[in-house]
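The values are calculated or read from the model by the stated rules, or taken from the named source; none is laboratory data. Note that the structure is a prediction, hence the values are computed from the model and not measured. Positions of Cβ are generated from backbone atoms using ideal geometry, with glycine treated the same way; all protein chains shown enter the neighbour counts. Keep in mind that these areas ignore ligands, DNA and RNA; they rest on the heavy atoms of the full protein, side chains included. Shrake-Rupley method; radii C 1.70, N 1.55, O 1.52, S 1.80 Å.
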Amino acid sequence: MTDIFPKTEIRKAYLGNKLVIVAPNRAKRPGIAKENVSPKTKTACPFCPKNIQPTNICDELVVDKKWRVASIKNLFPVVSSVDGVAYGTQEVIVENRNHNIEMADLSHRQLKNVLIMYKKRTQEISKDKKINYILCFKNHGIAAGASIIHAHSQVFASQITPPEVVEELSLANKYKNENGVCPHCAILKKEMSGPRKIFENKHVAAFAPYASEFHYESWLFTKRHLDNITQINEDELNSLVVILKKILCKLKKLNLSFNMYLHQVVSDTDQHFYIKIQPRDSIWAGIELGAGLIINSVSPEQAAEYFRN
């Protein structure tokens, strides 16, 4: 790949004051070890069909009398349904019945079923008037926090909206009030004509963000301004699956752990739906944790070129 931006430079996030130092030459330093992405299962897998108790299933997509994707209760939640404590709910979405198939290996139909389950659970959980924040996320690989090899995602819902999300929405609303347009619509339009564009089709576009915090980070947006995944239509869903599959397959070739997430703030009805995928081969150390400055040794332009080719 060509070093489009070989020199170090400081970049500021689209919204907020977060700074990223893009330093491509840093990738050449010695001593970078590659991780073993897949966790090792030492006990019976709790997400294989034979080990899931029917009473723990919250929702399922059934084909030929067998579930293909199932949402089950998280037996070790970090929130509680009891008032007066950290109120919320947490579920695990088992993405397929096969223990050894990763998300990148799923067919377009199977991957679509996973997104449909995200949509269904977001719709259902948002009916709880005490819930204001819903996060669908996936941890793939050890560095991303996965502890079980069977492909799965999670849904985390809370009464509390995280401060970073509140700040992002506040800045987005400020931009809209001052400019008369959604900042993400504006970002999307700009990135589709530049070197950070990854893919686009009629309904969905993907790009590497200008101030990427992680190597090979990518964002996927619907071109239509819609608030969250519950509003996505069939054509948009099919388009999203095609692009998501491409990116997942490219990340698998790099053998990278990654976090993927999409969220909804129930009380805000004018967000712009997107999915973020953040690979986790880079380790945040002294500069990131001590100074709050993020160093990325793979420029987003390089990342976009890799995804495109």
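Can you confirm whether residue 69 is more than 15 Å from residue 260 (Cα to Cα), among the aliphatic types (A, V, I, L, M) and part of a strand (DSSP E or B)? Lay out the reasoning, then the answer.
Details: more than 15 Å from residue 260 (Cα to Cα): yes; among the aliphatic types (A, V, I, L, M): yes; part of a strand (DSSP E or B): yes.
For residue 69, the condition - more than 15 Å from residue 260 (Cα to Cα), among the aliphatic types (A, V, I, L, M) and part of a strand (DSSP E or B) - is met.
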For this session: Could you please tell me which pairs satisfy a Cβ distance under 6 Å, a separation of 6+ or placement on different chains, a first residue in the range 212-232 that is without any contact (Cβ under 8 Å) to a residue 40 or more places away in the chain, and a second residue that is part of a loop (DSSP other than H, G, I, E, B) and open to solvent by 10 Å² or more (accessible area, probe 1.4 Å)?
Result: 223/203
For this session: Could you pull out the residue among 251, 237, 262 that is over 15 Å from the mean Cα position of the chain (by Cα) and modelled with pLDDT of 95 or more?
Result: 237
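Limited to the range 127-158, what total is found for residues that are surrounded by fewer than 15 Cβ atoms within 10 Å (Cβ to Cβ) and of a type in the set (S, T, N, Q)? Before you say what the answer is, go through the steps one by one.
Here is the first cut: in the range 127-158, the ones surrounded by fewer than 15 Cβ atoms within 10 Å (Cβ to Cβ) are 127, 129-130, 145, 147.
Retained after the next criterion (residues that are of a type in the set (S, T, N, Q)): 147.
Selection size over the range 127-158: 1.
Looking at the range 186-202, which of its residues are farther than 15 Å from residue 305 by Cβ and out of contact with any Pro (no Cβ under 9 Å at 6 or more places or on another chain)?
186, 188, 189, 190, 192, 193, 200, 201, 202
Going by the structure shown, is residue 255 at positive phi and not small (Gly, Ala, Ser)?
On the way: at positive phi: yes; not small (Gly, Ala, Ser): yes.
Judged against the criteria, residue 255 is a match.
Filter the range 77-110 for residues that are over 19 Å from residue 249 (Cα atoms) and outside any loop (DSSP other than H, G, I, E, B) and give the result.
Taking the range 77-110 and keeping what is over 19 Å from residue 249 (Cα atoms), we get 77-94, 97.
Matches in the range 77-110: 80, 87, 88, 89, 90, 91, 92, 93, 94.
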For this session: Determine whether the range 111-129 contains at least one residue that is β-branched (Val, Ile, Thr), at pLDDT 95 or above, assigned to a loop (DSSP other than H, G, I, E, B) and on the phi < 0 side of the Ramachandran plot.
Result: no
For this session: Check whether at least one residue in the range 71-78 is among the aliphatic types (A, V, I, L, M) and under 21 Å from the mean Cα position of the chain (by Cα), and report yes or no.
Result: yes
For this session: Sort out which residues of the range 177-192 are crowded, with 16+ Cβ neighbours inside 10 Å, in a helix (DSSP H, G or I) and either touching a Cys at 6+ places or on another chain (Cβ under 6 Å) or of a type in the set (A, V, I, L, M, F, W, C) (or both), and write them in order of number.
Result: 187, 188
